[in-house]
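Below is one structure; the comments refer to it alone.
The values are calculated or read from the model by the stated rules, or taken from the named source; none is laboratory data. Predicted model only: the values in this text are computed from it and were never measured. Backbone-built Cβ (ideal geometry, glycine too); neighbour counts: all protein chains shown.
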Amino acid sequence: MTWIPPYAIEECQAVVEADFGECDAEDVLTRADPTLFLTLSRQIIFLIPLVLMLPFVMGLSGVFAAFPVADVLATAVTVIMLVREFKRLKGLELESAAA
């Protein structure tokens, strides 16, 4: 099994967050929500509830397990949103080519 360092996952998330954040003036309002969600997903949306819930199931190890679990969940959400964004961009590309 290949070991992926945690900082590599965080760097991939940062690249995707930056990609959602880079847009022209027309997309600023529509693209702010996904960027904010991806930014908050790891530390707020996933980590805090996991730190509060996992110790009841796993004891003290649950606190330490919450960090990688939050990273994996945030990465999964990032990949899902990235795939949806690529599909949206492909649709826009096809529309502009047809016009």
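For this structure, a couple of remarks:
- The single residue among 96, 61 that is in a helix (DSSP H, G or I), surrounded by fewer than 10 Cβ atoms within 10 Å (Cβ to Cβ) and not aromatic (Phe, Trp, Tyr) turns out to be 96.
- All positions within the stretch 44-58 that are loosely packed, with under 13 Cβ neighbours inside 10 Å, over 13 Å from residue 74 (Cβ atoms) and of a type outside the set (Phe, Trp, Tyr): 52, 53, 57
- Pairs with Cβ under 7 Å, 6+ apart, first in the stretch 73-87 and farther than 16 Å from residue 39 by Cβ and of a type outside the set (Phe, Trp, Tyr), second at pLDDT 95 or above and not in a helix (DSSP H, G or I): none
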